[in-house]
Amino acid sequence: MRLVSFLKDGEARQGLVEGEGIIDLTARLGPERASLRRLLANGSEVRALIGRGLVDLSLQGLAHVAPVAPDAKVICVGLNYAAHKAETIRDPADRPMLFARWPETLIGHEAPLLMPRVSEMLDYAGELLAVIGAETGRYLPAEQAMDKVWGYACMNEGSVRDWQRHSSQVTAGKNFVGTGAVGPWLTSADEVPDIGSAELRLTLNGETMQSTTIADMIWSVAETIAYVTQWIPLHPGDVIATGTPAGVGSRRTPPVFLREGDVVEVSVTGLGTLRNRVEREPKTGVR
């Protein structure tokens, strides 16, 4: 099952992907029943619509938005691949490095990735996004954590590197509006039963810049969830960005930062390809 978020008549809506079309869940179930958090927590209503020929819209030309609930916790793992940790020249830690991101900074598939007015150092970061589909409670054991994962998506967890280094906290550089992308949709875990064997790849203008298998993560999805729930519970719709592999632009010689007109694509086996073109942030009209 694949859930897509999109705009229609200026309204954010939820859809179910069926072939080259979508079922408009917001229209068929109503806005409350079709909220993303509710859809993830109770998939039976959605599954009942599959295979009934109820396609309402085409995927072609769809105005995607990030398939992340506006009130979701977006928890990101830093330095979660050994080769990336090595290229950052940072001391290894014995716990996951975590930071938070706000949903309003995220865009969807084919939406413009924005270069901020105040920086020339927007960097790419291909990642696997894990989506929570059930209440975790506190102190969830790692061996039970995958039962709480609804599914996955591709993510470009873009970073504004100079702002990231203004202090010892990375928050500002990780939260510029329009610098992170999620999509093209959310794919349920049953569609990718062996996520560890999946390949993550990021290309810039067609050139591969990052490539790894998910199994190469230092902290697995399950281990990260178990660690996070020691201090806060997770709810359906909360998401975890699981970290980026080696090859980020800021650690290349010379550095490679995103420029207007660049096209960035992130793909994960079984999840599709997230595509965004880079644009300069306009001087007006960006909230």
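Every read-out reported here was derived from the displayed coordinates using simple, explicitly stated rules and does not represent laboratory data. From a predicted model like this one, the values you see are computed outputs, not experimental measurements. Virtual Cβ from ideal backbone geometry, glycine too; neighbours counted across all protein chains shown.
What to note about this one:
- Taking other C-beta atoms within 10 Å as the exposure proxy, 185, 219 rank 219, 185 from fewest upward.
- Magnitude of the charge dipole, segment 118-173, Cβ model with Lys/Arg +1 and Asp/Glu -1, debye to 20: 140
- Amide H contacts under 5 Å for residue 185, placed H, 5+ residues apart: 154
- Dipole magnitude (debye, nearest 20) for segment 1-159, charges at Cβ of Lys, Arg, Asp, Glu: 380
- Separation in nanometres of the label points that stand 7 Å from Cα toward Cβ, at residue 86 and residue 205: 2.8
- Nonlocal amide H pairs with residue 259, under 5 Å, H built at 1.01 Å: none
- Of 8/174; 8/148; 85/174; 73/174, those spanning more than 25 Å from alpha-carbon to alpha-carbon: 8/174; 8/148
- Here the chain has an Rg and Dmax of 18.1, 55 Å, counting Cα atoms alone.
- Cα gyration tensor, segment 2-64 - rounded (a/c under 1.5), prolate or oblate: oblate
- Ordering of 120-128, 221-229 by burial proxy (mean other Cβ atoms within 10 Å per residue, highest first): 120-128, 221-229
- When each of the peptides 46-57, 104-115 is scored by the mean number of other C-beta atoms lying within 10 Å of its residues, the order from highest to lowest reads 104-115, 46-57.
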